[in-house]
1. Quick one: in the range 93-119, which of the residues that are without any contact (Cβ under 8 Å) to a residue 24 or more places away in the chain and outside any helix (DSSP H, G or I) is surrounded by the most Cβ atoms within 10 Å (Cβ to Cβ)?
2. If you check every pair at least six apart or on different chains, which have Cβ atoms under 6 Å apart with a residue in the range 419-448 that is more than 30 Å from GLU501 (Cα to Cα) first and a residue that is assigned to a strand (DSSP E or B) and open to solvent by 20 Å² or more (accessible area, probe 1.4 Å) second?
3. Just give me the residues in the range 516-558 being out of contact with any helix residue (DSSP H, G or I) (no Cβ under 8 Å at 6 or more places or on another chain) and within 27 Å of PHE494 (Cβ to Cβ), in sequence order.
4. Scanning the range 334-355 for residues that are more than 26 Å from the chain's Cα centre (by Cα) and in a helix (DSSP H, G or I), which turns out modelled with the lowest pLDDT?
5. Could you check the range 183-202 and list, in sequence order, the residues that are in contact with a strand residue (DSSP E or B) (Cβ under 8 Å, 6 or more places away or on another chain), crowded, with 21+ Cβ neighbours inside 10 Å and assigned to a loop (DSSP other than H, G, I, E, B)?
6. So, VAL170, is that one over 17 Å from PHE70 (Cα atoms), crowded, with 20+ Cβ neighbours inside 10 Å, in contact with a Phe, Trp or Tyr (Cβ under 8 Å, 6 or more places away or on another chain) and at pLDDT 95 or above or not?
7. Does SER405 satisfy the criteria of being open to solvent by 40 Å² or more (accessible area, probe 1.4 Å), under 31 Å from the mean Cα position of the chain (by Cα) and within 18 Å of PHE306 (Cα to Cα)?
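The values are calculated or read from the model by the stated rules, or taken from the named source; none is laboratory data. Just so we're clear, the structure is a prediction, and the values are computed from it rather than from any experiment. Cβ: placed from backbone, ideal geometry, glycine included. Neighbour counts: every protein chain shown. Calculation scope for accessible area: heavy atoms of the full protein, side chains included, ligands and nucleic acids excluded. Shrake-Rupley method; radii C 1.70, N 1.55, O 1.52, S 1.80 Å.
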Amino acid sequence: MGCDISQCANLSRSVRSTFRRKVQAFTQGIVPMDEDILLQVNKPARYIGKEWNLPEKNFEAAEIRFALCFADLYEIGMSNLGLRIIYSILNNMPDVCCERFFSCNQDMEKILRNRKLEIFSLESKRALREFDLVGFSLASELNYTNVLNILDLGSVPLRASLRDHRHPLVIGGGPCSLNPEPLSEFFDIFVIGEAEEAIVEVIDVYRKYKEKYKNASISKPELLNIFSEIKGVYAPSLYEVHYDSRGKIKEFKPKAKGIKQRVEKRIVLDLNNSFFPVDWLVPYVQIVHDRVSLEVMRGCPNRCRFCQARSQYFPFRQRDPDNLLNLAKETQRRTGYEEIALTGLSVSDYSGIEKLLSQLIDLFKEKAIGISLPSLKAKAYVGHLSSLIASIRKTGLTFAPEAGSRRLRDILGKDFSEEVFFQSLERSYRSGYRHVKLYFMIGLPSEEYADLDAIIDFSLRTSDLKREINRAPAEVKISINPLVPRPHTPLQWFSMENIKELKLKEDYLRKRTRSGRLKLSIHDPRMSFLEGVLSRGDRRLSEVILRAFRNGARFDAWNDQFCFDKWLLAFEE
């Protein structure tokens, strides 16, 4: 969608001059274009803002100014549905101005630091320290150093203990808030669970006490104590931890009476009456999920023992089909997007998926609007749904067996029938599908090398089945991820397999997939190890994260920027 100006650095001098004038007019002189900052970075549209459907808010006139941050690049953050929901909720409040911050890529960070400039918001190009509240959507543990980088580039003290009424309050939410302890030194409060309703209550409290807090009539601990009365809000500084001689947690308790011992996760009970943004921001640069994401459900009826998302979004809830049709129609009308993706943890378990899909196809067929779905269960391809899916895409199929052997799938609690899978696959191949992607995990409890062989055998059988139908084997992409036993899952009590053993298994799988029809992709086991540590660790990891950041760790989820040695040094220090 829109104009991609990411290659401006390679343009001729005359074209660059024209581009410079357009950008100056586009940004209305807010960005310091006299220094040609945007002409020196890759994909300058990451930093311009001014997207289609941008809300008209006045920073100066707003009573409460909220900086909404995502600790990754613009293309990733703008593909995050949760960020879009919170952004729209806040900007729908008359006295609130919410503006966005994303991580700067290395080229932009270098310019900002060399010229002693601060990171700025996309909307009004304001400094981070000018906001009352700074909220982070925490989507991945491997973004933690990016969180610190945004605060540092915004001249906001990193440690919460060093911030007072003169600084913004820093709030965390999102999937990683299920275990917020590793970031406890840096955040004032966390919203545990779903934030749509809780963030409104947080704003209400801040609105009521802002004047007293800003003139130091009430202290920061007093304000945090008031915030902690909101269901789902956790203020780490109000609690203390004691350890035994071996370093294990001996006691975890509130510092004062009246502070709740247990923080209960927030849940939006009625999805149909919950907020969903229809004024979908349309970027000027292509993002990862450049389409409308229509959330059909929240939670999951399955009980996979490795899945943290089920705990995060439990219980299972669905939006009514009529509600979804109205949201799809209105969002598409206001954006012009040519694709609508149905999203949820297990979309094929939506109780009315066939009817909904048929209605969406009928609704948008005259406009040639595509309907896409994520990975589906094999049983979804049995019956009428398979013909519906075949009518909207034939590029590839995605399935997640998770393990090659039934024995391990039973251990994982994975509902996956090989018989149904291959029946469905045969039908799909006959409908015209040519490519298949399979997701597996390694490092599972009681895993043996025979289970690794089962992954390859399963994948070869998947490829060979197409040869039986039309003499040409299917290309099968195999994605392998080490198991990270995450908190709030049954497998949290298992130890994670060590890096050395994971690498041996990786080498073994690579040797077995030399066939050209099997394409193997394996997630770096060092990254998985780090995810395991950060997802299950306690608040003592805050110091490690800080030292890794000081050592230069950035974008640890990106293969080309991840440096494990910087983290090892941080642990040593």
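1. Ranking the qualifying residues of the range 93-119, first place goes to PRO94.
2. Here the result reads HIS435/GLU475, each pair linking the range 419-448 to a residue that is assigned to a strand (DSSP E or B) and open to solvent by 20 Å² or more (accessible area, probe 1.4 Å).
3. Matches in the range 516-558: SER521, HIS523, ASP524, GLY532, ARG540, GLU543.
4. Here the answer is GLU354.
5. PHE186, PHE187, ASP188, ILE192, GLU194, ALA195
6. Judged against the criteria, VAL170 is not a match.
7. no
Yes or no, residue by residue, for (1) at pLDDT 95 or above; (2) in contact with a Leu (Cβ under 9 Å, 6 or more places away or on another chain); (3) surrounded by fewer than 20 Cβ atoms within 10 Å (Cβ to Cβ):
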{"residue": "TRP493", "(1), (2), (3)": "no, no, yes"}
{"residue": "LYS511", "(1), (2), (3)": "no, no, yes"}
{"residue": "ILE545", "(1), (2), (3)": "yes, yes, no"}
{"residue": "CYS563", "(1), (2), (3)": "yes, no, yes"}
